[in-house]
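What follows is a single structure, written as structure tokens, with notes after it.
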Amino acid sequence: MAEPEEAAKWQSVNDYYRVADLHSQGFTGRGVHVAIVTFDTFETSDIELFSKQFGLPKPIINVIPLFGGAVHQGAAANGHVESTLDIDVVHAAAPDAVLDVYSVPPAVPFSYVLQKILDDGQARIVTFSWGRAPNPQDDKIAFEIIEEMSKQGITVFAYTGDNGPSQENSHLLSPSYLPNVVAVGGTIVTVDPASKRVNEKVWPLSVGGWSVHYSSPGYQNAAAASMKGIADSGKYRMVPDIVGPSIVTATDSPTSERDGLPIFVTDPKTGKGEWMPAIGTSVAAPYIAGIFANIVGGLKQGLGDIHEPLYKLMEQPAFNPVGPSSNQSVFEGGDVYSMSAGLGSINAYEMAVAFGLPLK
């Protein structure tokens, strides 16, 4: 069983991002299919144990295998942990959403997976916590498929990665840098166990920067102008768009850079399960995807590509300001947008209001 102080992290995170406020009014993702793309295995029983531990409804999981489904990539890859946390995090953020897990062998191109999701016609939210080096040929196909997805009301989210920024700007991953994908970076969320106060700052390992493969999209014009000429901010597609929790810790924790949200994972080789911390932008992307699943469920319609409305909300209450990390970089700076924190993190309640959800 997760330690009480660890278990409390989930409630603290849902409270801080005001996801709990959506849940309290019945907006829990009911009826919304969230496509979770995974390239490793997982145990459904782990998700069910997690749900029971934290008072969540039994998850509705549909496993959709492509080309025989995912295979365990071995302990070094830790992919089974990734798969488990992706499902857990969406379920915690949108507890009544239908979890369509697209289980895929490692070598399958992203465009194949996206086409299958589009053809199936169920999902309104798609989340990737996996990434690859840019592949111009497959990325072009993926971009075109996502354009069609947007017309069908489907929104795609993807993590930016955990290798940190680089001076050469070489750490960007597909599909997050595609202009029609919502790129989600990460933050450190510090919850004081005594006062319950929450502080949020940039996670230094969250990837940010710009992609020379795509010119600056119109929706980022004002954001680029706010950067005051930093690097090539006005020329190319910048990431991230928004950020979410990657590290969740307490002020008195001696391992604050490594703490995360508790999940239960069974080792495929030994069959033994244990509680462990989920960390990284891999947590942030499905969490933000879950927030929007709640909004979509309340509106009873998909949103498609949300970049335009997101950037129109720049400096609005729909975003929480995020403090700088202790390691400033060329990707920080900018008064209202930065290539470390994007537009900020999500205030789920205010974001839902901005998208037209009738809240009390």
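Using a 1.4 Å probe over the heavy atoms of the protein chains, calculate the carbon and sulfur portion of the accessible area of the chain as a whole percent.
Carbon plus sulfur share of accessible area: 51 percent.
Counting helices only, and only those DSSP H runs with n ≥ 4, report the 222 nm mean residue ellipticity of the chain as the sum of -39,500 (n - 2.57) divided by its residues, in deg cm²/dmol to the nearest 500.
Rounded to the nearest 500, the figure is -9000 deg cm²/dmol.
Please give, to one decimal in nm, the separation of the simple spin-label points placed at D192 and K151, each 7 Å out from Cα toward the Cβ.
Between D192 and K151, the simple spin-label model gives 5.3 nm.
Given a cut-off of under 8 Å on Cα pairs at least six residues apart, what relative contact order in percent is computed for the chain?
21 percent
Using the Karplus curve 6.51 cos²θ - 1.76 cosθ + 1.60 with θ = phi - 60°, work out ³J(HN,Hα) for each residue of the range 22-27 in order, rounded to whole Hz, and write x for Gly and Pro.
Values per residue, Gly and Pro as x: 5, 4, 5, 9, x, 9 Hz.
I'd like the Karplus ³J(HN,Hα) series for the range 39-44: coefficients 6.51, -1.76, 1.60, θ = phi - 60°, whole numbers in Hz, and an x wherever there's a Gly or Pro.
Result, rounded to whole Hz: 10, 9, 8, 7, 10, 4.
Within 14 Å, Cβ to Cβ, of P268, how many net charges do the neighbouring residues add up to if Lys/Arg are +1 and Asp/Glu are -1?
-4
How charged is the neighbourhood of I145? Take every other residue with its Cβ under 12 Å from the Cβ of I145, and add Lys/Arg as +1 and Asp/Glu as -1.
That sum, taken over residues with Cβ under 12 Å, equals -3.
Under 11 Å from the Cβ of A289, count the other residues' Cβ atoms, weight Lys and Arg +1, Asp and Glu -1, and hand me the total.
For residues surrounding A289, the net value is 0.
Considering amide H positions built from the backbone, and no H for Pro or chain starts, which residues 5 or more places from Y214, or on another chain, come under 5 Å of its amide H?
Counting only residues 5 or more places away or on other chains, the set is R237.
Between A107 and K269, how high is the FRET efficiency from 1/(1 + (r/R0)^6) when r is the Cβ-Cβ distance and R₀ = 22 Å? Nearest 0.05.
0.50
For a quick check of understanding: with a 1.4 angstrom probe and all protein chains in place, what accessible area in square angstrom does Y177 have, to the nearest ten?
Using a 1.4 Å probe on the heavy atoms, I get roughly 0 Å².
Past 25 Å, Cα to Cα: identify those pairs from K196/K272; K140/K312; K201/K312; K116/K151; K116/K140, in the order given.
K196/K272; K140/K312
I want to check the label-to-label distance for Q25 and V353. Put each point 7 Å from Cα in the C-beta direction and report it in nm to one decimal.
Between Q25 and V353, the label points sit 0.8 nm apart.
Could you please state, rounded to a whole Å, how far the C-alpha centre of the range 6-41 is from the C-alpha centre of the range 261-286?
16 Å
Can you say what percent of the DSSP beta bridges in the range 54-190, counting only those with both residues inside, are antiparallel? Round to 5.
In the range 54-190, approximately 5 percent of DSSP beta bridges are antiparallel ones.
Given 37 °C and 0.692 mPa s, compute D for the chain with the Stokes-Einstein relation, Rh being the Kirkwood radius over Cα pairs; round to the nearest whole µm²/s.
Answer from the Stokes-Einstein relation: 165 µm²/s.
Please list, or write none, the lysines whose alpha carbon is within less than 27 Å of the alpha carbon of K269, excluding same-chain residues fewer than 8 places away.
Within the straight-line cut-off, K269 pairs with K52, K58.
Report R124's accessible area, 1.4 Å probe, all protein chains in place, as a number in Å² to the nearest 10.
Roll a 1.4 Å probe over it and R124 shows about 70 Å².
Tally the DSSP beta bridges in the chain and give the antiparallel ones as a percent, rounded to 5.
35 percent
The values are calculated or read from the model by the stated rules, or taken from the named source; none is laboratory data. Note that this is a predicted model, so its numbers are computed, not measured. Reconstructed Cβ throughout: ideal geometry from the backbone, glycine too, with neighbour counts over all protein chains shown. Quick note on the areas: whole protein, heavy atoms, side chains included, nothing else; ligands and nucleic acids left out. Shrake-Rupley method; radii C 1.70, N 1.55, O 1.52, S 1.80 Å.
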